[in-house]
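Throughout, read-outs are computed from the coordinates displayed, never taken from laboratory work. It should be emphasised that the depicted structure is a prediction, and the values quoted were computed from it without experimental measurement. Positions of Cβ are generated from backbone atoms using ideal geometry, with glycine treated the same way; all protein chains shown enter the neighbour counts.
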Amino acid sequence: MKKLVFILSIFLVSASFSHLQAQFISIDVISGNRPPAPNEISLMRAEEQRHPKIADAMHSIERSMRDLHAAPDDFGGHKAQAESDLRAAYISLRKALYYRLWH
């Protein structure tokens, strides 16, 4: 009986640790250097649902980046700087939103 209790407790502890490990995502995913894995996607969607205002801001920046990129002129070089600034803001928002998943 003691062996059974011991084996079950080992199983529960290992299951707990494997569950904890699945709660993190890579900084490469946050910065856009690699696409998220299926388990990371579900974690990210859950964070977006918890913080809809930040998710909306990220979607607005995505739309702004697409619209700016499609603009026909370079606006004296300011278009490139604006695209760079929008990208930096987007990554900062992603870091803020997914902070708990990252650390």
Note, residue 33: beta-carbon cut-off 14 Å, +1 each Lys/Arg, -1 each Asp/Glu, net +2
So what J values fall out for segment 47-53 if you push phi through Karplus, 6.51 cos²θ - 1.76 cosθ + 1.60 with θ = phi - 60°, rounded to Hz, Gly and Pro as x?
5, 5, 6, 6, 10, x, 5
Quick check: residue separation of residue 31 and residue 91 times 0.36 nm, minus the Cα distance between them. What number comes out in nm?
21.0 nm
For segment 39-103, taking Cα atoms only, what is the radius of gyration to one decimal and the Dmax to the nearest whole Å?
14.1, 43
Within segment 62-103, whose backbone N sits under 20 Å from a point 7 Å along Cα→Cβ of residue 24?
94-103
